[in-house]
Amino acid sequence: MHSISAFARRVGLTPSALRFYDDCGVLAPARVDPLTGYRYYSDDQVERAVHLRRLRAAGVPLADVTAVLDGSPDRAREVLAAHAARLRSESDAAHAALGALLRDLPPCGPVRARVGGPELASAVRQVVPAAARGGEFPELRCVLIELADTQVRLIATDRYRLAVRELRPLAVDGGPAELLVPADALVTAAAWATRKPEVTIEPGCLNAGGETHALPVAGGTFPAYRDMLRGLDAPVHRVLTGRVALRDALATCASPAVLAIGADELVLGEVTLPAVCSGPVRVAFDPAVLGAALEAGVGPDVLLEIAAPDRPVVVRSADQGSFTTLVMPVALP
């Protein structure tokens, strides 16, 4: 038997991905220690894990991965051929769009934490949509930036959605510290940072190679988001489906958007999506709120962890364990 870390190294997956695949029912460990909860894997699982890694590297959604791994050879060929055709279509569309854009271009002491500029910009892109756009609480129109020894964390919430993104800093001096930055100002700063290989975050500004960009700090008290995370109930239902397909279905859906989840499908209005589900449940959302959470994610798949239809739903991805989103459901009609 192999520990999860040893098995991860052998098959080329990360331990967090193996935990995710266990939660999804795609690759369960051979044994789980009843006292410690540690997962152990056997030699017999190596081939399945390697196939799983290769399928994920090819961008195959997990709902289709199970069909390839567990279905007949004919079904596997059908699924893989359809995926290859979809990739070709998407690649052709991307090349066409990029070509048009290229043709249109003109010719050619204090507490501080150093992070990659593009990484910071990516984190801002994911977190800022969860900040409030108006309302009587100005701190909800801000993003909280936490600077600590081992991580830089960005958090935003409008009380209907909570987004948390963690970055691993290249270096940290001083701290810990918290900066409450207006979301609009942070978006502007992120656009500047994305062109810098590295940036240093300080109270009041970003620094990069002798250049600075303003990073105003607001007053107020940010909600106790850690209490929200600690207060989450254990998930009763897990639903794995295509992130982009669900996002697109929500875009044409009236509010409330009712997700009717069955054994192997998710029904949203007139749209039926393949899904890996742990049991039937119905839950409703504001389509704009859930759609924005899906838009902020990465990777082809999304995992919804549902404790109850009236409790916050955790939105997760196997491709980015450093990003967490909570979305509050609405009342079922």
With respect to residue 238, is the statement that it is closer than 20 Å to residue 331 by Cα and not in a loop (DSSP other than H, G, I, E, B) true?
yes
Looking at (1) out of contact with any Lys or Arg (no Cβ under 9 Å at 6 or more places or on another chain); (2) crowded, with 20+ Cβ neighbours inside 10 Å, which one does residue 259 not meet, given that it meets all the others?
(1)
Scope the range 167-179; condition buried (at least 18 other Cβ atoms within 10 Å of the Cβ) and modelled with pLDDT of 90 or more; matching residues
167, 169, 179
Residue 258 passes all but one of (1) under 29 Å from residue 144 (Cβ atoms); (2) touching a strand residue (DSSP E or B) at 6+ places or on another chain (Cβ under 9 Å); (3) hydrophobic (A, V, I, L, M, F, W, C); which number fails?
(1)
Could you run through the range 39-70 and say how many residues are of a type in the set (Gly, Ala, Ser), over 22 Å from residue 243 (Cβ atoms) and surrounded by 14 or more Cβ atoms within 10 Å (Cβ to Cβ)?
1
For the range 295-323, what are the residues that are more than 19 Å from residue 14 (Cβ to Cβ) and crowded, with 22+ Cβ neighbours inside 10 Å?
304, 306, 312, 313, 315
Please work out if residue 289 is β-branched (Val, Ile, Thr) and part of a strand (DSSP E or B).
no
With the first residue restricted to the range 128-147 and required to be more than 16 Å from residue 293 (Cβ to Cβ), and the second required to be among the polar types (S, T, N, Q), Cβ contacts under 8 Å at 6 or more apart or on different chains are 139/221; 140/157
Could we say that residue 265 is more than 15 Å from residue 63 (Cα to Cα) and either under 21 Å from the mean Cα position of the chain (by Cα) or surrounded by fewer than 21 Cβ atoms within 10 Å (Cβ to Cβ) (or both) here?
no
Run down 298, 302 and say which single residue is touching a Gly at 6+ places or on another chain (Cβ under 8 Å) and within 22 Å of residue 163 (Cβ to Cβ).
302
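Let's see how each residue does on (1) touching a Gly at 6+ places or on another chain (Cβ under 6 Å); (2) surrounded by fewer than 16 Cβ atoms within 10 Å (Cβ to Cβ); (3) under 18 Å from residue 191 (Cα atoms):
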| position | (1), (2), (3) |
| --- | --- |
| 117 | no, no, yes |
| 122 | no, no, yes |
| 128 | no, no, yes |
| 132 | no, no, no |
| 141 | no, no, no |
| 146 | no, no, no |
| 150 | no, yes, no |
With respect to the numbered conditions (1) out of contact with any Ser or Thr (no Cβ under 8 Å at 6 or more places or on another chain); (2) of a type outside the set (Lys, Arg); (3) closer than 23 Å to residue 252 by Cα, which one is the sole condition not fulfilled by residue 315?
(1)
Among (1) within 26 Å of the chain's Cα centre (by Cα); (2) surrounded by 15 or more Cβ atoms within 10 Å (Cβ to Cβ), where does residue 76 come up short?
(1)
Quick check on my filter: what residues within the range 295-333 are outside any loop (DSSP other than H, G, I, E, B) and more than 8 Å from the chain's Cα centre (by Cα)?
295, 301, 303, 304, 305, 306, 313, 314, 326, 327, 330
Among strands (runs of 3 or more DSSP E) lying entirely in the range 155-224, which contain 2 or more residues that are in contact with a helix residue (DSSP H, G or I) (Cβ under 8 Å, 6 or more places away or on another chain) and of a type in the set (Lys, Arg)?
161-167
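The values are calculated or read from the model by the stated rules, or taken from the named source; none is laboratory data. Values in this document were obtained by computation on a predicted structure and should not be read as measured data. Glycine also receives a Cβ, built like all others from the backbone with ideal geometry; neighbour counts cover every protein chain displayed.
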